[in-house]
1. Across the stretch 73-111, what is the number of residues that are of a type outside the set (Lys, Arg) and within 14 Å of residue 52 (Cα to Cα)?
2. Can you tell me which residue within the stretch 61-98, out of those that are at pLDDT below 95 and among the β-branched types (Val, Ile, Thr), is surrounded by the fewest Cβ atoms within 10 Å (Cβ to Cβ)?
3. For the stretch 64-71, check the following and say yes or no: at least one residue is in a helix (DSSP H, G or I) and either in contact with a Ser or Thr (Cβ under 8 Å, 6 or more places away or on another chain) or aromatic (Phe, Trp, Tyr) (or both).
4. If you go through the stretch 82-93 one residue at a time, how many are within 13 Å of the chain's Cα centre (by Cα) and not charged (D, E, K, R)?
5. Going through 54, 21, 26 one at a time, which residue ends up being touching a Gly at 6+ places or on another chain (Cβ under 7 Å), surrounded by fewer than 20 Cβ atoms within 10 Å (Cβ to Cβ) and not polar (S, T, N, Q)?
6. As an exercise: evaluate residue 60 against (1) touching a residue at least 40 places away in the same chain (Cβ under 8 Å); (2) farther than 15 Å from residue 6 by Cα; (3) over 10 Å from the mean Cα position of the chain (by Cα) and give the number of the one condition it does not meet.
7. Residue 40 passes all but one of (1) farther than 20 Å from residue 9 by Cα; (2) polar (S, T, N, Q); (3) surrounded by 15 or more Cβ atoms within 10 Å (Cβ to Cβ); which number fails?
8. Consider the stretch 43-57. How many of its residues are without any contact (Cβ under 8 Å) to a residue 40 or more places away in the chain and closer than 20 Å to residue 108 by Cα?
Amino acid sequence: MDIEVTRSGEITTVAPKGDLDMASADRLKRTLADLIAGGQARLVVDLGAVSYIDSSGMGTLVAAMKYARGAGGDVRLCALQEDVRAIFELTRLSKAMAVHGSRQEALAAWA
């Protein structure tokens, strides 16, 4: 899994590419934890290039959300592909986490 990290002001966007599963979740978890520990707790996770997510991937995002909120920030998700969006709706995580249609919407929601 490749992970692109970009910063715009106080907001950091993390864009993983590939499946977010047991084999790759730990890498994303470390990336998000390092950002939050470094004071970058306002995160947008762009899932536009993730076509599959399993419970390990979901757990990584929930853990990051809790950690970010504890640090005064949050994790906002965006650009979910249809299959990934369906899993978030089925598990009701779309109610617990902020989900936006695009990266621009997620960034604007921080304003």
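The values are calculated or read from the model by the stated rules, or taken from the named source; none is laboratory data. Bear in mind the structure is a predicted one, so any value in this text is a computation, not a measurement. Neighbour counts run over all protein chains shown; Cβ positions are idealised from the backbone, glycine included.
1. Of the residues in the stretch 73-111, the ones of a type outside the set (Lys, Arg) are 73-75, 77-84, 86-91, 93-94, 96-102, 104-111.
Subsequent filtering for residues that are within 14 Å of residue 52 (Cα to Cα) retains 79-84, 86-88.
Qualifying residue count for the region: 9.
2. 91
3. We begin by selecting, within the stretch 64-71, every residue in a helix (DSSP H, G or I); these are 64-70.
Keeping just the survivors that are either in contact with a Ser or Thr (Cβ under 8 Å, 6 or more places away or on another chain) or aromatic (Phe, Trp, Tyr) (or both) gives 67.
There is at least one residue in the stretch 64-71 that is in a helix (DSSP H, G or I) and either in contact with a Ser or Thr (Cβ under 8 Å, 6 or more places away or on another chain) or aromatic (Phe, Trp, Tyr) (or both).
4. Of all residues in the stretch 82-93, those within 13 Å of the chain's Cα centre (by Cα) come to 84-85, 88, 93.
Among the residues that remain, those that are also not charged (D, E, K, R) are: 84, 88, 93.
Total satisfying the criteria: 3.
5. Details: 54 fails: touching a Gly at 6+ places or on another chain (Cβ under 7 Å); 26 fails: touching a Gly at 6+ places or on another chain (Cβ under 7 Å).
Every option except 21 fails the conditions.
6. (3)
7. (1) is the only condition that residue 40 fails.
8. Of all residues in the stretch 43-57, those without any contact (Cβ under 8 Å) to a residue 40 or more places away in the chain come to 43, 45, 47, 49-57.
If we keep only those that are closer than 20 Å to residue 108 by Cα too, we end up with 43, 45, 47.
Here the count works out to 3.
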